[in-house]
Amino acid sequence: MALACGVSVANVYFPQAITPLIAHGLGIAPDAAAKVATLTQLGYAAGIFLLVPLGDRLPRRPLITALLAATSLALLAAGLAPATGLLLAASTVVGVTTVVPQLLLPMAAGLAADGRQGSVIGTLQGGLIGGILLARTFGGVLGEQLGWRAPYLIAAVLTALLSLALAKALPATTPAVRDRYVSLLAASARMLRTQAELRRSALYQATLFGGFSAAWTALALLITGPLYRMNGQTVGALALIGAASMFCAPAAGRWVDRHGADRVNLWCILGTLAAAAALTAGTLGGTAGLMALAGGLLLLDVAVQCSQVANQARIFRLRPEARSRLNTAYMTCSFLGGSAGSWLGIRAYALRGWPGVCAVLAFAAALALAVHLTGGGRRRQPPAAQIEPWPPRPGAAAR
């Protein structure tokens, strides 16, 4: 499951590393080419809202394999696109159908033993992080060596193979509900309104992931611009350094099980603020600037991905029979924040350069910190071992 999370989610992220190559290959402006990454993320947010709730209604194995097959076809169309319009349309479809990790995560949480959900989510999140970060290495290196179309075509083949593998490997599941599709969508929105812990988790991740997306989307413009004059392979190398954060996700899951999600969230917010300060030194250029970028991006990756583990562990404990719908509400907000961050990163870079991008990241983290310090409607989040099961045991007092 962790491997499947990584391979599938990479399709959303590798376009960020090849934005300059797309611009050159199609003869368009860099900010126009950056719309490929933005629309892919917007499509991902739409797919989470429209498709992930079906994980509570349909058997997950056929749903997951069908979505992977559709993603493969969309990647093929993007790789063969003769003009910008078709590329943008195919990229949007890639985003909509690449929601497999958000079906696998609640599935794994349901299979995990009590008190170990944080660890299991951390394991899958480690695979997810590896896919997110190594995707940029994959896209940057292949794009420089074989052209911008090569990452799309190779990803199409890998995704098709993954669809065949999961059709055999995944266990069969029984749907949790029989609600109509419209009711499933309404339930996700209703839970966001009624569950304070869900709203808080969504706000934490929307802000931090927005800053994360701003930094990574603008990074290719910085590296290939006049200050560094390097190519997309450098972006891939920086992403490879950041991939070390994938080993922190399982540890973050154990910390959540032991200390509760709130404390891990605070550590992650403070880490994001520190990352914004370190990334500002990227304006130095040369070796010193690259070292600052590498260190700042590593810290940013660790903070944002560990925050994801904490937030999902929190929401999956709320309503076990509605995990896919809870994840729908949470991840839709997260990727709307990521899409907004990608757009803000490009605008900030155009107006104020790399310092403007770092300011966007710092503001996002400061907003999350303000919510944390003011309470944000939170209740004290106990460690997993102290949480009452759902439904409550006979005779247990209602919380």
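The values are calculated or read from the model by the stated rules, or taken from the named source; none is laboratory data. As the structure is a prediction and not an experimental result, all values here were calculated from the model. Using ideal geometry, Cβ is built from the backbone for each residue, glycine included, and neighbour counts are taken over all protein chains shown.
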| Among the residues of the range 274-295 satisfying the criterion of being in contact (Cβ under 8 Å) with a residue 24 or more places away in the chain and of a type outside the set (A, V, I, L, M, F, W, C), which is surrounded by the most Cβ atoms within 10 Å (Cβ to Cβ)? | Gly282
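Look at Gly353 and say whether it is touching a helix residue (DSSP H, G or I) at 6+ places or on another chain (Cβ under 9 Å), at pLDDT 90 or above and on the phi > 0 side of the Ramachandran plot.
Details: touching a helix residue (DSSP H, G or I) at 6+ places or on another chain (Cβ under 9 Å): yes; at pLDDT 90 or above: yes; on the phi > 0 side of the Ramachandran plot: yes.
Yes, satisfied.
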| query | in contact (Cβ under 8 Å) with a residue 60 or more places away in the chain and either touching a His at 6+ places or on another chain (Cβ under 6 Å) or not hydrophobic (A, V, I, L, M, F, W, C) (or both): does that describe Gly210? | reply | yes
| Does the range 152-169 include one or more residues that are of a type outside the set (Ser, Thr, Tyr), closer than 22 Å to Arg61 by Cβ, surrounded by 17 or more Cβ atoms within 10 Å (Cβ to Cβ) and touching a Lys or Arg at 6+ places or on another chain (Cβ under 6 Å)? | no
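Looking at the structure I just gave you, is Leu87 hydrophobic (A, V, I, L, M, F, W, C) and over 16 Å from Ala150 (Cβ atoms)? Reasoning before the result, please.
On the way: hydrophobic (A, V, I, L, M, F, W, C): yes; over 16 Å from Ala150 (Cβ atoms): no.
Against the criterion (hydrophobic (A, V, I, L, M, F, W, C) and over 16 Å from Ala150 (Cβ atoms)), Leu87 does not qualify.
Just checking, does the range 115-135 include any residue being free of Cβ contacts under 8 Å to residues at least 40 places away in the same chain and either in contact with a Gly (Cβ under 8 Å, 6 or more places away or on another chain) or under 20 Å from Ala78 (Cβ atoms) (or both)?
Step one: filter the range 115-135 for residues free of Cβ contacts under 8 Å to residues at least 40 places away in the same chain, giving none.
For the range 115-135, residues free of Cβ contacts under 8 Å to residues at least 40 places away in the same chain and either in contact with a Gly (Cβ under 8 Å, 6 or more places away or on another chain) or under 20 Å from Ala78 (Cβ atoms) (or both): absent.
Taking Val309 as the residue in question, decide whether it is touching a Phe, Trp or Tyr at 6+ places or on another chain (Cβ under 9 Å), in contact (Cβ under 8 Å) with a residue 60 or more places away in the chain and within 18 Å of Pro106 (Cβ to Cβ).
Details: touching a Phe, Trp or Tyr at 6+ places or on another chain (Cβ under 9 Å): yes; in contact (Cβ under 8 Å) with a residue 60 or more places away in the chain: yes; within 18 Å of Pro106 (Cβ to Cβ): yes.
Yes: the conditions hold for Val309.
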| task | Among the numbered conditions (1) under 18 Å from Leu318 (Cα atoms); (2) touching a residue at least 12 places away in the same chain (Cβ under 8 Å), tell me where Leu170 comes up short. | result | (1)
| request: Return the pairs, sorted by first residue and then second, in which the second residue is among the charged types (D, E, K, R) and buried (at least 24 other Cβ atoms within 10 Å of the Cβ), the first residue lies in the range 256-269 and is touching a residue at least 60 places away in the same chain (Cβ under 8 Å), the beta carbons are less than 6 Å apart, and the residues are 6+ apart or on different chains. | output: Ala261/Arg314
| Do we have Ala237 as at pLDDT below 85, surrounded by fewer than 19 Cβ atoms within 10 Å (Cβ to Cβ) and more than 19 Å from Leu124 (Cβ to Cβ) here? | yes
| task | Go through (1) at pLDDT below 90; (2) under 23 Å from Thr137 (Cβ atoms); (3) more than 20 Å from the chain's Cα centre (by Cα) and name the single condition Thr40 misses. | result | (3)
| remark: Over the range 360-372, the set of residues among the small types (Gly, Ala, Ser) and in contact (Cβ under 8 Å) with a residue 40 or more places away in the chain is Ala362, Ala364, Ala365, Ala366, Ala368
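Yes/no matrix, rows are residues, columns are (1) within 18 Å of Ala23 (Cβ to Cβ); (2) out of contact with any Phe, Trp or Tyr (no Cβ under 6 Å at 6 or more places or on another chain); (3) hydroxyl-bearing (Ser, Thr, Tyr):
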{"residue": "Ser119", "(1), (2), (3)": "no, yes, yes"}
{"residue": "Thr123", "(1), (2), (3)": "no, yes, yes"}
{"residue": "Ala135", "(1), (2), (3)": "no, no, no"}
{"residue": "Phe138", "(1), (2), (3)": "no, no, no"}
{"residue": "Ala156", "(1), (2), (3)": "no, yes, no"}
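Any residue in the range 163-171 that is part of a helix (DSSP H, G or I), modelled with pLDDT under 80 and out of contact with any helix residue (DSSP H, G or I) (no Cβ under 6 Å at 6 or more places or on another chain)? Steps first, answer last, please.
Here is the first cut: in the range 163-171, the residues part of a helix (DSSP H, G or I) are 163-169.
Imposing the further condition that a residue be modelled with pLDDT under 80 reduces the set to none.
No - not one qualifying residue is present in the range 163-171.
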